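Participant: Provided herewith is a single structure, encoded as structure tokens, for subsequent inquiry.
The values are calculated or read from the model by the stated rules, or taken from the named source; none is laboratory data. If you're wondering where the values come from, they're calculated on a predicted model, not measured in any experiment. For neighbour counting, all protein chains shown are included, and Cβ atoms are generated from backbone atoms with ideal geometry for every residue, glycine included.
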């Protein structure tokens, strides 16, 4: 984690943008998040400092979720140099090592083979958080607007004690 980790998982802009979890074992779903740094700054009451390795916890990853890849699209550049990584509680840059949020509008990047989680993706037997780690640049990240999409499989397993044949007990 960064020097300052901020939990943004309950912010209305993220809660309202995520779909209800799909039902059924092995259901595929795309989680989409629109991150407007001006709104994040106001909601958290905190200035995000990219030079300070600040981390925003964006989403509570449910247990039994498998994230296949992460993608990011830049809609509004920061206006000053700033980079970020996408990851989780184990590696805040595991899905995407570095992405400039001061590039051209509609710049896009996804998990690539050199990223830590690229080869096998990432399965979560227990809950975790999906994180944005600010790596370098602007000391007041408050302009950039970007979208993050996560390709996920949500697993649900039946309670074997109530539905399995007696021979399995």
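Participant: Assuming residue 69 fulfils every condition listed in (1) out of contact with any helix residue (DSSP H, G or I) (no Cβ under 7 Å at 6 or more places or on another chain); (2) in a loop (DSSP other than H, G, I, E, B) apart from one, which condition is it?
Facilitator: (2)
Participant: Quick one: in the range 1-26, which of the residues that are modelled with pLDDT of 80 or more and either outside any loop (DSSP other than H, G, I, E, B) or touching a strand residue (DSSP E or B) at 6+ places or on another chain (Cβ under 6 Å) (or both) is surrounded by the most Cβ atoms within 10 Å (Cβ to Cβ)?
Facilitator: Out of the qualifying residues, it is 8.
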